[in-house]
1. With springs only between Cα atoms under 10 Å, which of Arg28, Arg75, Arg139 fluctuates most in a Gaussian network model of the chain?
2. Can you put Met165, Met1 in order of Cβ neighbours within 10 angstrom, beginning with the fewest?
3. Between Glu167 and Val52, what is the FRET efficiency for a Förster distance of 35 Å, r being their Cβ-Cβ separation, to the nearest 0.05?
4. What do you get for the angle between helix 67-80 and the principal long axis of the chain? Use alpha-carbon atoms, 0 to 90 degrees, nearest ten.
5. Which angle between 0 and 90 degrees, to the nearest 10, do you get for helix 94-109 versus the longest principal axis of the chain when only C-alpha atoms count?
6. Which residue fluctuates most in the GNM of the chain (Cα springs below 10 Å): Leu109, Leu53, Leu134?
7. Based on the inverse mean of 1/r over its pairs of different Cα atoms, what is the Kirkwood hydrodynamic radius of the range 57-105, in Å?
8. Shape verdict for the chain, please, from the Cα gyration tensor: rounded (a/c under 1.5), prolate (a/b greater than b/c) or oblate.
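Computed from the coordinates by the stated procedures, all read-outs in this text should not be read as laboratory data. Being a predicted model, the structure only gives us computed values, none of them experimental. Using ideal geometry, Cβ is built from the backbone for each residue, glycine included, and neighbour counts are taken over all protein chains shown.
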Amino acid sequence: MITLYQWDTHGIYFGSVEVDEHGPLPMRSTPTAPPELVGTEVARWTGQGWEVLPAAPEREPVPAPDWPALIAARRFLAETGGAVVEGLTVNTERDSQSLLTGAAFAASLDPDYRIKWKTASGFVELTGDQVIALATAVRAHVQACFDREAELLSAVADGSITVEMLEQGWP
């Protein structure tokens with residue numbers, strides 16, 4: 001067993017740990033002991049050795065996340081990441097949404113309309129009613145993504161947003 005002395009992301013010593021000398025070594029650690037400290041002094045690892053500072057340096061405040069941009073980016077991923085409709089995995093990227101909307105419009109004009117539509121597992125033949133149902137389901141998926149974005153923006157406004165919420169509740 002050996003003793004390793006650890007520092008944080010700013011190089012400030014925060015403690016030691018005993019590890020097996022043949023095992024993995026923790027990040028930001030050295031076998032070189034820091035100097036003795038008194039009062040408010042702290043030790044900072046320089047990469048070559050320890051230096052003594054009279055006190056911990058002032059840390060720059062961490063800027064608040066740009067929640068609206070993070071939420072919009074996450075919504076876009078959910079919106080365009082595809083959907084499963086009636087067992088078919090369909091593309092929901094913007095171009096595909098547009099093509100499906102056009103096909104649904106054509107199907108609404110022609111009761112005998114039939115198309116071959118490409119899914120993740122290959123082409124399927126769809127009747128006009130199935131095209132309209134598929135377009136309706138994809139539109140509902142997209143709307144659910146925007147609804148979730150709106151919910152998260154409300155959480156930002158009332159201060160209840162958390163990092164975990166960013167990954168929860170998407171269709």
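1. The residue that fluctuates most here is Arg28.
2. So the ranking, lowest neighbour count to highest, is Met1, Met165.
3. For R0 = 35 Å, the calculated efficiency reads 0.25.
4. 40
5. Roughly 20 degrees between the two axes.
6. Top of the fluctuation ranking is Leu53.
7. Details: mean 1/r = 0.0732 Å⁻¹.
Result for the range 57-105, one decimal place: 13.7 Å.
8. prolate
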